[in-house]
1. Please determine, by comparing only the residues of region 11-31 that are closer than 13 Å to residue 45 by Cβ and outside any helix (DSSP H, G or I), which one is modelled with the lowest pLDDT.
2. Output the qualifying pairs, or none if there are none: Cβ atoms under 7 angstrom, residues six or more apart or on different chains, first residue in region 292-304 and within 14 Å of residue 150 (Cα to Cα), second residue acidic (Asp, Glu) and modelled with pLDDT under 90.
3. Would it be correct to say that residue 90 is buried (at least 17 other Cβ atoms within 10 Å of the Cβ) and under 14 Å from the mean Cα position of the chain (by Cα)?
4. Considering each of 329, 297, 325, 308 in turn, give the residue that is open to solvent by 10 Å² or more (accessible area, probe 1.4 Å) and farther than 21 Å from residue 166 by Cβ.
5. Considering only residues of region 263-284 that are assigned to a loop (DSSP other than H, G, I, E, B) and in contact with a Lys or Arg (Cβ under 9 Å, 6 or more places away or on another chain), which is farthest from residue 71 (Cα to Cα)?
6. Is it true that some residue in region 151-167 is touching a helix residue (DSSP H, G or I) at 6+ places or on another chain (Cβ under 9 Å) and under 27 Å from residue 258 (Cα atoms)?
7. If we scan region 270-284, do we find a residue that is modelled with pLDDT of 95 or more, open to solvent by 20 Å² or more (accessible area, probe 1.4 Å) and over 22 Å from the mean Cα position of the chain (by Cα)?
Amino acid sequence: MARRNTNRRVGIADVAEKAGVSHATVSRVMNGNAAVDPGIAERVRAAAAELKYQPNPVGRSLALGKTDTIGIVVPDLANPTFQAILRGLSIAAAQDGYRVLIADSSEVTSEEAILAGEARRRCDGVVLCAPRMADAELEELAPTLHPLVLINRTTITTNTPSLSVDYGEGIQELAKHLVSLGHKRLAFLSGPEHSASNRQRLVGLEKFRREHPEIELQMLHGGSNFDSGHESTDAIIASGATGILAFNDLVAMGLLSGLHERDIRVPEDISVTGFDDIPFAKYTTPPLTTAAVPINELGSLAWRRMREQIQQSAEALSQPQDEFEPRIEIRKSTAAPALTPIPAPRVGS
């Protein structure tokens, strides 16, 4: 009798020969098909165990039409907000036996659609965080990605479940907090020009302006990261504003650093607020007043909405739109405005 090559990977044909069944029967048993006769199924499993057969995961995925993997596309994985969303998503998906494939567009808007398409071809569904993508492009792309869950975006022409934060309401509440302390001159360090959440903040601030015509509110170019906040320091000082609304916590932290370098005290000389309440916000000097977003909950709920679509449950038919209200966290970076003007920056700073 010919001796089997022990270096060769045991395949489905070896199990079929050992169990005396067809290749198709082995495939059905390995994929959990309950239609196979129990006695035959047990014989196949015994042969597989004796031969130490390990099913090919790629082949199994092709046979079942599923990968037990979902993709998530984010614009910047270095941002703690997206890290927290990913963590919540990964933990929840793992409890149901799913893995998460991550794609980072590195803030390159043109890459978001490409990465989303590639992720969908490799996975059973996509969670899309594409805050910079144009609305028209999102409307065109969404139908090709289902099952799809959107974070902080919505579509008009497709029924796609979305999870969003009311950034407009959150920024208004922060502005009202500064006004309640006595600030009359505010400045908003805006986020990226094409950011959907930045547009929501701007709409919220326009509403605030109409309701508080006595308050001066300046719009200054900012960004979305620590460096952009730090680089805005001189513009903030020149604005004469005593209360600052930063696009997010990272921008606020960069500004705190820049103000400290110029010997400008927070909150004695100027008050600073952030947005998101990332884990580091409470540990800045001083601790940062901000609008808290339930970012971990966003991730776990994204998986729940994805699972409903994959399983085609009744809940998936309604395509729910979940919206979260930010919670204002008042800490020590905000206080009543100083009675004297902000001191001039040190020479050479």
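1. My answer is 31.
2. Short answer, once both residue conditions are applied: 301/322.
3. On the way: buried (at least 17 other Cβ atoms within 10 Å of the Cβ): yes; under 14 Å from the mean Cα position of the chain (by Cα): yes.
Yes, satisfied.
4. Working: 329 fails: farther than 21 Å from residue 166 by Cβ; 297 fails: farther than 21 Å from residue 166 by Cβ; 325 fails: farther than 21 Å from residue 166 by Cβ.
Just one listed residue meets the conditions, 308.
5. First pass over region 263-284, keeping only residues assigned to a loop (DSSP other than H, G, I, E, B): 263-270, 274-275, 277-280, 284.
From what's left, in contact with a Lys or Arg (Cβ under 9 Å, 6 or more places away or on another chain): 263, 266-267, 275, 277, 284.
On the way: 263: 46, 266: 41, 267: 42, 275: 26, 277: 25, 284: 33 Å.
Of everything passing the filter in region 263-284, 263 is farthest from residue 71 (Cα to Cα).
6. The answer is yes, given that some residue of region 151-167 is touching a helix residue (DSSP H, G or I) at 6+ places or on another chain (Cβ under 9 Å) and under 27 Å from residue 258 (Cα atoms).
7. Yes: one or more hits.
Listed here are the residues, each with its yes/no results for (1) open to solvent by less than 60 Å² (accessible area, probe 1.4 Å); (2) of a type outside the set (A, V, I, L, M, F, W, C).
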residue: 183; (1), (2): yes, yes
residue: 186; (1), (2): yes, no
residue: 204; (1), (2): yes, yes
residue: 214; (1), (2): no, yes
residue: 221; (1), (2): no, yes
residue: 244; (1), (2): yes, no
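The values are calculated or read from the model by the stated rules, or taken from the named source; none is laboratory data. This structure is a prediction, so every number in the text was calculated from the model and none was measured. Every residue, glycine among them, receives a Cβ derived from its backbone with ideal geometry; neighbour counts consider all protein chains shown. Accessible surface is based on the protein model in full, side chains and every heavy atom, while ligands, DNA and RNA are left aside. Shrake-Rupley method; radii C 1.70, N 1.55, O 1.52, S 1.80 Å.
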